[in-house]
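Remarks on the structure that follows.
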Amino acid sequence: MALGMALVAAPSLNSPASAANVLERAIEAAQPCKPLKVSQPVLGVKVELGIDKLDFVKIDTIEIRVAGDVAEASALGTLACKTSDSSPLKGGFSAKARIHLQANLATCAMNASSIDIIEARGEFGDVVTTFEPEISAALRKGVEKALKKLCAS
């Protein structure tokens with residue numbers, strides 16, 4: 001129940017590159033944009049391009065259910081990444097994602113998790129589908145780490 005209270009009691013995100021609640025902070029800490037690098041043709045020459053800088057994370061809705069020692073959380077939110085300031089091309093993307101987690105509150109173990117990207121926009125929105133496994137793995141890792149921290153306190 002503490003997980004639920006911590007997630008819903010915090011205020012929503014107000015500024016880019018900052019996170020207001022525990023889930024947003026977990027996603028931010030996971031740095032899901034960091035592994036996103038692509039080769040993009042520029043004037044006929046392939047240029048390595050990193051869309052690896054977190055722009056913002058915003059959780060729109062979250063629903064939490066607890067039955068005994070099992071907690072389930074479902075959230076809908078947006079992750080936005082952009083190119084580094086020194087990048088030869090500027091741009092980014094935002095991806096709306098649905099996250100579902102199930103954890104055992106007695107053991108602090110993550111029983112199941114799924115992350116589905118349901119919409120991508122921006123100059124590099126098509127990159128999101130290519131890197132969905134990397135983004136999902138980074139998000140999952142961050143949320144699991146946040147769960148462990150909550151259990152330790």
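The values are calculated or read from the model by the stated rules, or taken from the named source; none is laboratory data. Source: prediction; values computed, not measured. Please note: Cβ atoms are built from the backbone with ideal geometry, for glycine as well, and neighbour counts cover all protein chains shown. Heads up: the accessible areas ignore ligands, DNA and RNA and are worked out on the full protein's heavy atoms, side chains in. Shrake-Rupley method; radii C 1.70, N 1.55, O 1.52, S 1.80 Å.
Points to keep in mind about this one:
- Scanning segment 102-144 for residues that are of a type outside the set (A, V, I, L, M) and either exposed (fewer than 13 other Cβ atoms within 10 Å of the Cβ) or without any contact (Cβ under 8 Å) to a residue 24 or more places away in the chain (or both) yields Thr107, Asn111, Ser114, Asp116, Glu119, Asp126, Thr129, Thr130, Glu132, Pro133, Ser136.
- Hits in segment 71-101 (condition: part of a strand (DSSP E or B) and either open to solvent by 50 Å² or more (accessible area, probe 1.4 Å) or touching a His at 6+ places or on another chain (Cβ under 9 Å) (or both)): Glu72, Ala73, Ser74, Ala75, Lys82, Lys96, Arg98, His100
- A count restricted to segment 26-58 and to residues that are in a loop (DSSP other than H, G, I, E, B), modelled with pLDDT of 80 or more and closer than 12 Å to Pro88 by Cβ stands at 0.
- Some residue of segment 60-75 being under 13 Å from the mean Cα position of the chain (by Cα), closer than 17 Å to Val128 by Cβ and at pLDDT 85 or above: no
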